[in-house]
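The values are calculated or read from the model by the stated rules, or taken from the named source; none is laboratory data. This structure is a prediction, so every number in the text was calculated from the model and none was measured. With ideal geometry, Cβ positions are generated from the backbone for all residues, glycine too; neighbour counts draw on all protein chains shown.
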Amino acid sequence: MKIIVALKQVPSRDSQLKIAAGGKWIDESDLSFEINEPDAYALEEALQLKEKHGGEVVVLCAGPERAASSIREALAKGADRAIHIEEDNINQLDTLGIARLLAQAAQGESPDLVLTGLQSDDLGAGQVGVVMAELMNLPHGTIIMQVEKQDGSLRVKRELEDGWFQYVTLPLPALLTIQSGINKLRYATLMGIKKAKTKEIKRISGADLSAGAGPAVSLASVYMPQRTKQTQILDGDAKTAAAKLVEKLRFEVRAL
């Protein structure tokens, strides 16, 4: 079974973010980068499926030259080879544009299964995976918590609201977006790091892929969230005030 895992490189979670001079993205000059965490879980699921059923895991990543470090990390963890779509202006592409690049590169591999993370840590749109499935004409499942391979199909467990789950059977080939926490992430071993240096990374220029029309959505500006302090007095007796507090924590703060 050939599995393609779409990875995105994002700023490290502990990065101190600053807005770039143009006001349309963050200043990346002093940032460190890492594999998008949901995509790391997609990679782990692919590696476990390969260990159970055999086959090949191919990493697919679109991004500038710096993305090579995350690709090498994925190869060190056990991926067999990689495809790097070299695109310096990746942050100027919308969801559809990125999905088009990934889908066109993936279709040339004729995969049995495509895995992506549920969403990215930087933008969090959660759309690239499902748009890829539409462009590749593949059945898809989202928020996947468990994958079981059957003869010519997959049985997957989807996470729903309020603690509910749904079990769905999908024919192969298919595309799944993986929920974070599905497995325990592995670390790259010293032997894996050494082997990664000899594994193939196929490089494709983003300009060589026919990405189609221009972006359907453009990013006007980004800004740091404004911090404000606010005090609310909850009227009524203790029972009434407690009920109001719970309601605000649940629906406004979303802490419950």
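Look through the range 111-137, keep the residues that are modelled with pLDDT of 95 or more and of a type in the set (S, T, N, Q), and return whichever of them is surrounded by the most Cβ atoms within 10 Å (Cβ to Cβ).
Thr116
Among the candidates Asn183, Asn137, which residue alone is within 17 Å of Leu43 (Cβ to Cβ) and either touching a helix residue (DSSP H, G or I) at 6+ places or on another chain (Cβ under 6 Å) or not charged (D, E, K, R) (or both)? Before you say what the answer is, go through the steps one by one.
Details: Asn137 fails: within 17 Å of Leu43 (Cβ to Cβ).
The unique qualifying residue is Asn183.
Please state which of the following conditions Ser110 fails to meet, knowing it meets all the rest: (1) on the phi < 0 side of the Ramachandran plot; (2) touching a residue at least 40 places away in the same chain (Cβ under 8 Å).
It fails just one condition, (1).
For Pro225, are the conditions met, namely being loosely packed, with under 12 Cβ neighbours inside 10 Å and modelled with pLDDT under 90? Explain how you work it out, then say what you get.
Working: loosely packed, with under 12 Cβ neighbours inside 10 Å: yes; modelled with pLDDT under 90: yes.
Criteria met by Pro225.
Going through the range 9-51 one residue at a time, which ones are touching a Leu at 6+ places or on another chain (Cβ under 9 Å), in contact (Cβ under 8 Å) with a residue 60 or more places away in the chain and assigned to a loop (DSSP other than H, G, I, E, B)?
Across the range 9-51, the qualifying residues are Leu17, Lys24, Trp25, Asn36.
Evaluate the range 72-90: report whether one residue or more is assigned by TED's automatic domain parsing to the domain that holds Ile201, modelled with pLDDT of 95 or more, more than 19 Å from Leu175 (Cα to Cα) and within 14 Å of the chain's Cα centre (by Cα).
Yes, because at least one residue in the range 72-90 is assigned by TED's automatic domain parsing to the domain that holds Ile201, modelled with pLDDT of 95 or more, more than 19 Å from Leu175 (Cα to Cα) and within 14 Å of the chain's Cα centre (by Cα).
Here are some residues: Gln146, Gln119. Which one is in a loop (DSSP other than H, G, I, E, B) and within 24 Å of Asn183 (Cβ to Cβ)?
Numbers: Gln146 fails: in a loop (DSSP other than H, G, I, E, B).
Step by step, each of Gln146, Gln119 is checked, and only Gln119 is in a loop (DSSP other than H, G, I, E, B) and within 24 Å of Asn183 (Cβ to Cβ).
Can you tell me which residue in the range 63-85 is surrounded by the most Cβ atoms within 10 Å (Cβ to Cβ), limited to those that are under 23 Å from Gly22 (Cα atoms) and touching a helix residue (DSSP H, G or I) at 6+ places or on another chain (Cβ under 7 Å)?
Gly63
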